[in-house]
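Input: a single structure, listed below in structure tokens.
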Amino acid sequence: MTVGVRAPQQARSRETKAKLLAATEDLLIEGGADAVTMGAVAARAEVSVGTVYRRFENRELLLRAVKDRMLARFGDRLTARLRDPLADLESVINACTAAVVDWMAESGRLLPEIFGVRLRPVPDQRAEGLAALRRLLVEAAAPHREAVRLPDADAELGFISRIITASAMHRALSIEAAPDGMTWEQWRIRTALMAVAYLTTDRSSAPDPP
């Protein structure tokens, strides 16, 4: 657990934490990061400022908790989409991109605000999140590994998991400044097609990438 964030011990404490995070999300959507102060969060959540500080020692830890909750939502969506066995590799990739669209429908308005905030990096947490995503995709694709026409199927599936999430994040962060004329569903279809083509194209006669 992040240092400075106190674990809720009882149901009421967990409810208070959820209220504080929801209030922070609302403020981010309405006014951006500048609107998030400990006092504003307390007022929106209808608690005292002291209650906010008892749960989070400072504003950065509060914002990081919101970011972590957003990433956890994505993990939940991906787990739900990949829970049942899928017929083929294309279905696995489609499920992965569909999980991204599910996440964007829930968190898309918040994404540019929270990921635009400069927070001190926590490498271990970031690595854990990427590893979990890669593991889910590799496990779901395991029955269809022979469809991957590249020497190291697991490494390539991990690469694709990064490409899908990075593409989605970039689109969410840049869509207002640089509209691409697509819906999220159109993005999903195109991204899945490219991922499947990359994984299943026989490049045995092509030179290895540097």
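Quick notes on this one:
- Efficiency of FRET from Cβ geometry, Ala131 and Arg12, R₀ 30 Å, rounded to 0.05: 0.35
- Spatial separation of Cα centroids for segment 10-69 and segment 160-178, in angstrom: 27 Å
- Tilt relative to the chain, helix 123-141 - C-alpha long axis, 0 to 90 degrees, to 10: 40 degrees
- Karplus-based coupling profile of segment 156-171, in residue order and whole Hz: 5, 5, x, 4, 5, 4, 5, 4, 5, 5, 5, 4, 5, 5, 4, 5, with θ = phi - 60° in 6.51 cos²θ - 1.76 cosθ + 1.60 and x standing for Gly or Pro.
- Counting only protein heavy atoms and a probe of 1.4 Å, the accessible surface of the chain is 53% carbon and sulfur.
- With loop membership from DSSP and a limit of 12 other Cβ atoms within 10 Å, the longest segment of the chain without GluC sites (Glu not before Pro) is 47-175.
- Solvent exposure of the chain amounts to 57 Å² per residue of accessible area, where only protein heavy atoms count and the probe is 1.4 Å.
- Modelled spin-label separation between Ile189 and Ile163, with each label point placed 7 Å from Cα along the Cα-to-Cβ direction: 2.0 nm.
- Between 0 and 90°, nearest 10: helix 184-200 axis offset from the chain longest Cα axis: 40 degrees
- Tilt relative to the chain, helix 11-31 - C-alpha long axis, 0 to 90 degrees, to 10: 80 degrees
The values are calculated or read from the model by the stated rules, or taken from the named source; none is laboratory data. It should be emphasised that the depicted structure is a prediction, and the values quoted were computed from it without experimental measurement. Glycine gets a Cβ as well: all are built from the backbone with ideal geometry, and neighbour counts include every protein chain shown. For accessibility, only protein heavy atoms count, side chains too; no ligands or nucleic acids. Shrake-Rupley method; radii C 1.70, N 1.55, O 1.52, S 1.80 Å.
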